[in-house]
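**Student:** Below are the structure tokens for one structure; questions will follow.
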Amino acid sequence: MSRGRFVTFEGGEGTGKSTQVRLLASYLTQCGEDIIQTREPGGSPSAEDIRPLLVTGAADRWSPMAETLLFYAARVEHWREVIDPALARGAHVISDRFADSTMAYQAYAGGLDVKTIEGLHALALPGVEPDLTFVLDLPVDEGLKRAASRRDNETRFERKGREFHERLRRGFLEIAKHASKRCVVIDANQPIERVHAAVLDVLKTRPDFA
């Protein structure tokens, strides 16, 4: 049995990642694929215990370094408990966020050195990266407007200020540029159905995913 593929969706607040994860998971399931749909922070029982620490509370609740360590504590367990076993049995895993989010939020937007996070990733999850990453790109004001319409209390990062989110957007685009073989930037400032169609167009060029 061949190993499954690991697909991630990345982007700032309100870019529609969760919606596109669901749509892609539904499409591939209808194609007969074994699909695991997951998210970060969280995705496994122990990682979900950590999630509220990161996404609720005051915007300055944690320093960028503390955030990074919490994210990696959750990510290591997410990988161990859910992602790696699923891939090993041949399932495709589709995740709303993974390690690129830590690089974008805590380094490019939060100010940590990129090499620090690269070193931590190499220590915690050596050699682990997605097979394919969709970076959903959206102007900051539109993204924050969409995010504000959600009815939950997971608003900690949304409240970090507009300049933080501008740096975040630039960070995701920089990540995509440096990992162009893995990352595909999708214009998220269009109807949901057109974003989904753009995602499927990419998959058509990668027959190992469907």
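The values are calculated or read from the model by the stated rules, or taken from the named source; none is laboratory data. These numbers come from a predicted model, not from an experiment. Because the Cβ atoms are built from the backbone with ideal geometry, glycine has one as well, and the counts that use them run over all protein chains shown. Just the protein is used for accessible areas: all its heavy atoms, side chains included, with ligands, DNA and RNA removed. Shrake-Rupley method; radii C 1.70, N 1.55, O 1.52, S 1.80 Å.
**Student:** How far, in nm, would the chain grow between LYS181 and ALA124 when pulled straight, counting 0.36 nm per residue and subtracting the alpha carbon separation?
**Tutor:** Result: 18.2 nm gained on full extension.
**Student:** For the range 36-89, which chymotrypsin sites (Phe, Trp or Tyr not before Pro) are both in a DSSP coil and crowded by at most 12 other Cβ atoms within 10 Å? Write down the numbers at each step before the final one.
**Tutor:** Working: sites: TRP62, PHE71, TYR72, TRP79; in loops: TRP62.
When the chymotrypsin sites (Phe, Trp or Tyr not before Pro) of the range 36-89 are filtered for loop state and at most 12 Cβ neighbours within 10 Å, nothing remains.
**Student:** Per residue, how big is the convex hull of the range 85-170 when only Cα atoms are used? Give it in Å³.
**Tutor:** Output value, Cα hull per residue: 132 Å³.
**Student:** Can you work out ³J(HN,Hα) from phi for every residue in the range 90-99, in order, using Karplus 6.51 cos²θ - 1.76 cosθ + 1.60 and θ = phi - 60°, giving whole Hz and x for Gly and Pro?
**Tutor:** Calculated HN-Hα couplings, in order: x, 6, 8, 10, 10, 10, 7, 5, 7, 5 Hz.
**Student:** How much length is gained on full extension from THR56 to ALA148, taking 0.36 nm per residue of separation minus their Cα-Cα distance?
**Tutor:** 31.7 nm
**Student:** Name the longest site-free stretch of the chain, where the excluded sites are trypsin sites (Lys or Arg not before Pro) in a DSSP loop with no more than 10 other beta-carbon atoms within 10 Å.
**Tutor:** So the longest stretch without any such site is 1-150.
**Student:** Something else now. Taking 22 Å as R0, compute the FRET efficiency from the Cβ-Cβ separation of GLN30 and ILE192 and round it to 0.05.
**Tutor:** It comes to 0.80.
**Student:** In square nanometres, what is one fourth of the surface area of the convex hull spanned by the alpha carbons of the chain?
**Tutor:** Averaged projected area of the chain's Cα convex hull equals 10.9 nm².
**Student:** For the pairs LYS115/LYS177; LYS17/LYS177; LYS177/LYS204; LYS181/LYS204; LYS17/LYS181; LYS145/LYS181, flag any whose C-alpha to C-alpha distance is greater than 27 Å.
**Tutor:** LYS145/LYS181, as the Cα separations exceed 27 Å there.
**Student:** Within 10 Å of each candidate Cβ there may be at most 10 other Cβ atoms; applying that plus a DSSP loop requirement, which GluC sites (Glu not before Pro) in the range 117-202 survive?
**Tutor:** Loop-located and lightly packed - none at all.
**Student:** Something else: Put a dot 7 Å past each Cα toward the Cβ at ARG159 and THR19; how far apart are the dots in nm?
**Tutor:** It works out to 2.5 nm between the two label points.
**Student:** Please report, as a whole percent, how much of the solvent-accessible surface of the range 1-55 comes from carbon and sulfur atoms (probe radius 1.4 Å).
**Tutor:** On the way: 1170 of 2340 Å².
C and S atoms contribute 50 percent here.
**Student:** Taking R0 as 45 Å, what FRET efficiency do you get between LYS115 and SER2 from their Cβ-Cβ distance, rounded to the nearest 0.05?
**Tutor:** Efficiency for this residue pair is about 0.85.
**Student:** Express the accessible area of the chain per residue in Å², computed with a 1.4 Å probe while the remaining protein chains stay in the model.
**Tutor:** Accessible area per residue, the chain: 47 Å².
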